[in-house]
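The values are calculated or read from the model by the stated rules, or taken from the named source; none is laboratory data. Please read these numbers as outputs of a predicted model, since none were measured by experiment. Here the Cβ positions follow ideal geometry from the backbone for every residue, glycine too, while neighbour counts run over all protein chains shown.
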Amino acid sequence: MQPINRPRKACDLCYTRKIKCDGQQPQCSNCVNYKTACTHAARSRKWKPKAQQNVQRSEAEEIRSLQAQMQQLQVELAEYREQDKALVAPTPSQEMLVSDEFMEAENSTNSMKLPPLQQTMHMTGIFLNTFNSMMPLFNPDSLLRLIGETYAVQPRQRNPVSWAAINVVLALACHQMPDDSEMNSEYGTANDYIKKAQSVIWTVTLGETGILNIQTLIGMAMLLQTANDTTPALVIISAAMRLIHKMGLHNRISTEHLSFIEQRQHAYVFWLAYIVDKDLSLRAQQPSVQLDDDIDLDLPMEPPGVCNGDSEAGIVTTVDGNTRLNYLLARIQLANIQGNVYDHLYSTRASKRTPEERKISRERIVKALDEWKASIPSDFNGANVVTTTSNNPSVAAFFCILHTRSLLCLSLITRSHAWDEQWVGSIRAYGRGTQALQLPSEWTAMVGEARNYMILYEQVHQRHSWLKWFAACTYISAMVLLTANNLSDSQHVDFTQDTDRIERALAWCQDHFKDKPCKMSAMLGDVCNEAVEAMKQRRTNNVAAAVEDIWFTGFIGDRGAIW
């Protein structure tokens, strides 16, 4: 019986790379992503017939197939030559026309180029000593081995997932370089590298699933969550969590056969994804992917008596060596609280609960947040951490993130967030004298935390522009909290310094939103500017009244002495 000669469904690209082809017309999704023609000319793998079915293809069919392959190779060769010409000698007008589409084509799997090895190793060292020491996304030995293997082959022979992972590492390293650093401009930008990694995201997500795929996606989400629009980060972390569930990283049983180092790295990867998942959920007011009840892993506690190697990942020590904090553990615990804030106070399910049930949930979350804050040594609070960790300047930005999320939780719990129109409206009405201001029960703690946070943010954000959108909402909320406090109490000891902080924050907001104006930011600026004038006037009136009282008391005393 002759074999049936059915046309192959997969196109040439998907067939040769052994990836799933969706058969879309006129181009499948993979051909669109890789910027290549969607053809069906390549020969299928030889069908191994049974002994009695030794059937050969006709000579004419063989010739037609070879001709089609030659035509396809000629087309691809012409495309590569055109790309090389554009790279070697671009004219000024051509540079203006080089779009993101060209960059994506250049950086697709057809040309997986990387910076010189010396530059990559230098940037990898920065990544390992800064970001990875706080958030251990990669095992250092495994990462260095991956880089060596990738550079050992030609660009077009490289594994797309490995190539994307290295670009993610380089992008994260760029974030750790101060904006005013000469190295930053010389080595490129985080945006350059993340675009390259995104150009093969289809392969990273839908290719053969491994721990490297997940690490790459988590790194992408961490980078993209610093943008104004959190949608790309939400989509990518959702994909990462699904791959985590596929590999079973949320369950200790799935890693029992691995070595201790591999088990620990798998656990690190899961917890980092958990942090990003809960973080983005609260920011975007959307459900998280990971359920807390569906986790069977130990928290990454610091092993007693072990102070070397990978066991130090996530551990921060003050400059005097007297205080230590497991930063990674603190972020995981805070992420759990973030998840509870959304699930029990802002989710659709929470909106259907009775006021009494929501009150009980709120009190339980406030207690958990208070206990968490009590576990953070005072050396690491916003006002002190830059000084106490001066031996490692990169640490301050990570604590800025930590305190950003802590204050965000508290402001959302108490409904005193800058984007809560009712809260902002009540401040405006109070400043105009038309309404009393109802302050949350946690007011004193909130004001102190907001003040410390503003001190930290002002010290850090100028060196790290990626914090701009990542921490903007919390910084503005802190400004509004100090404004309300100055309005309600114009005699407190920090009034003058807080007023200066508010005015600096207003100037920052004006510059921050000039390219992306929105109705709410404009209203916030108007409310706070109006409140600043009102609180200054109240301060002046109170001082004048106090002077008058002192004068009058002295005058009465003098007259009494005369009589």
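Based on what the data block shows, is Q263 surrounded by fewer than 21 Cβ atoms within 10 Å (Cβ to Cβ) and out of contact with any His (no Cβ under 8 Å at 6 or more places or on another chain)?
Details: surrounded by fewer than 21 Cβ atoms within 10 Å (Cβ to Cβ): yes; out of contact with any His (no Cβ under 8 Å at 6 or more places or on another chain): yes.
Here the answer is yes, as Q263 does meet what is asked.
To keep it simple, each residue is scored yes or no on (1) in contact (Cβ under 8 Å) with a residue 24 or more places away in the chain; (2) within 26 Å of F513 (Cβ to Cβ).
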{"position": "A190", "(1), (2)": "yes, yes"}
{"position": "A239", "(1), (2)": "yes, no"}
{"position": "G248", "(1), (2)": "no, no"}
{"position": "L258", "(1), (2)": "no, no"}
{"position": "R264", "(1), (2)": "yes, no"}
{"position": "A284", "(1), (2)": "yes, yes"}
{"position": "D294", "(1), (2)": "yes, no"}
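Taking segment 205-221 on its own, how many of its residues are touching a residue at least 60 places away in the same chain (Cβ under 8 Å) and within 12 Å of V269 (Cβ to Cβ)?
4
Mind checking which residues of segment 309-332 are buried (at least 19 other Cβ atoms within 10 Å of the Cβ) and either of a type outside the set (A, V, I, L, M) or touching a Pro at 6+ places or on another chain (Cβ under 7 Å) (or both)?
Within segment 309-332, A313, G314, T318, L325, Y327, L328, R331 meet the criteria.
Only one residue in A478, A471, A445 is surrounded by 23 or more Cβ atoms within 10 Å (Cβ to Cβ) and either closer than 13 Å to S411 by Cα or of a type in the set (F, W, Y) (or both). Which one? It would help to see each step written out before you state the result.
Values: A471 fails: either closer than 13 Å to S411 by Cα or of a type in the set (F, W, Y) (or both); A445 fails: surrounded by 23 or more Cβ atoms within 10 Å (Cβ to Cβ).
A478 is the lone residue from the list that is surrounded by 23 or more Cβ atoms within 10 Å (Cβ to Cβ) and either closer than 13 Å to S411 by Cα or of a type in the set (F, W, Y) (or both).
Residues are listed down the side, and each one gets a yes or a no for (1) modelled with pLDDT under 90; (2) of a type in the set (V, I, T):
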site: H403; (1), (2): no, no
site: S416; (1), (2): no, no
site: W423; (1), (2): no, no
site: S426; (1), (2): no, no
site: K468; (1), (2): yes, no
site: A478; (1), (2): no, no
site: A484; (1), (2): no, no
site: V493; (1), (2): no, yes
site: D498; (1), (2): no, no
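Given the options R349, R358, name the one that is over 16 Å from T414 (Cα atoms) and either more than 18 Å from the chain's Cα centre (by Cα) or not in a loop (DSSP other than H, G, I, E, B) (or both). Before the answer, list the steps.
Details: R358 fails: over 16 Å from T414 (Cα atoms).
Just a single option satisfies the conditions, and that option is R349.
Does any residue of segment 160-177 turn out to be modelled with pLDDT of 95 or more, within 21 Å of the chain's Cα centre (by Cα), aromatic (F, W, Y) and more than 25 Å from H461 (Cβ to Cβ)?
Looking through segment 160-177, at least one residue is modelled with pLDDT of 95 or more, within 21 Å of the chain's Cα centre (by Cα), aromatic (F, W, Y) and more than 25 Å from H461 (Cβ to Cβ).
Looking at S394, S390, S375, which is the one that is small (G, A, S), within 27 Å of the chain's Cα centre (by Cα) and buried (at least 19 other Cβ atoms within 10 Å of the Cβ)? If you could, list the steps in order and put the result at the bottom.
On the way: S390 fails: buried (at least 19 other Cβ atoms within 10 Å of the Cβ); S375 fails: buried (at least 19 other Cβ atoms within 10 Å of the Cβ).
On inspection, the qualifying residue turns out to be S394.
Any residue in segment 342-365 that is free of Cβ contacts under 8 Å to residues at least 60 places away in the same chain sitting within a Cβ distance under 9 Å of a residue that is in a helix (DSSP H, G or I) and basic (K, R)? List the pairs, counting only those 6 or more apart or interchain.
What qualifies is D343/R349; H344/R358; H344/R362; H344/R364; A350/R358; S351/R358.
In segment 251-274, which residue that is charged (D, E, K, R) and assigned to a helix (DSSP H, G or I) is nearest to the chain's Cα centre (by Cα)? Break it down stepwise before answering.
From segment 251-274, those charged (D, E, K, R) are 252, 256, 262, 264; that's our starting set.
Checking the rest, the ones that are also assigned to a helix (DSSP H, G or I) come to 252, 262, 264.
On the way: R252: 26, E262: 25, R264: 22 Å.
The extreme case among them is R264.
Residues that are free of Cβ contacts under 8 Å to residues at least 60 places away in the same chain, under 18 Å from N381 (Cβ atoms) and out of contact with any strand residue (DSSP E or B) (no Cβ under 6 Å at 6 or more places or on another chain): does segment 407-417 have at least one? Before the answer, list the steps.
At the first step, the residues of segment 407-417 found to be free of Cβ contacts under 8 Å to residues at least 60 places away in the same chain are 410, 414-415.
Narrowing the set further to residues that are under 18 Å from N381 (Cβ atoms) leaves 410.
Applying the additional criterion that residues be out of contact with any strand residue (DSSP E or B) (no Cβ under 6 Å at 6 or more places or on another chain) yields 410.
So far as segment 407-417 goes, yes, one or more of its residues are free of Cβ contacts under 8 Å to residues at least 60 places away in the same chain, under 18 Å from N381 (Cβ atoms) and out of contact with any strand residue (DSSP E or B) (no Cβ under 6 Å at 6 or more places or on another chain).
Given D229, D277, which one is under 21 Å from the mean Cα position of the chain (by Cα), among the charged types (D, E, K, R), under 25 Å from A164 (Cβ atoms) and exposed (fewer than 14 other Cβ atoms within 10 Å of the Cβ)?
Within the list D229, D277, the selection yields D229.
Of the numbered conditions (1) assigned to a helix (DSSP H, G or I); (2) in contact with a Pro (Cβ under 8 Å, 6 or more places away or on another chain), H464 fails exactly one; give the number of that condition.
(1)
From (1) at pLDDT 95 or above; (2) not in a loop (DSSP other than H, G, I, E, B), pick out the condition that doesn't hold for S288.
If we test S288 against (1) at pLDDT 95 or above; (2) not in a loop (DSSP other than H, G, I, E, B), just (2) comes out false.
Of all residues being in a helix (DSSP H, G or I) and buried (at least 24 other Cβ atoms within 10 Å of the Cβ) in segment 197-212, which is nearest to the chain's Cα centre (by Cα)? Just the residue, please. Walk me through how you get there before you give the answer.
Taking segment 197-212 as the starting set, the residues that turn out to be in a helix (DSSP H, G or I) are 197-198, 201-206, 211-212.
Filter once more, so that each one left must be buried (at least 24 other Cβ atoms within 10 Å of the Cβ): 197, 204.
Working: A197: 15, V204: 19 Å.
Within segment 197-212, the match that is nearest to the chain's Cα centre (by Cα) is A197.
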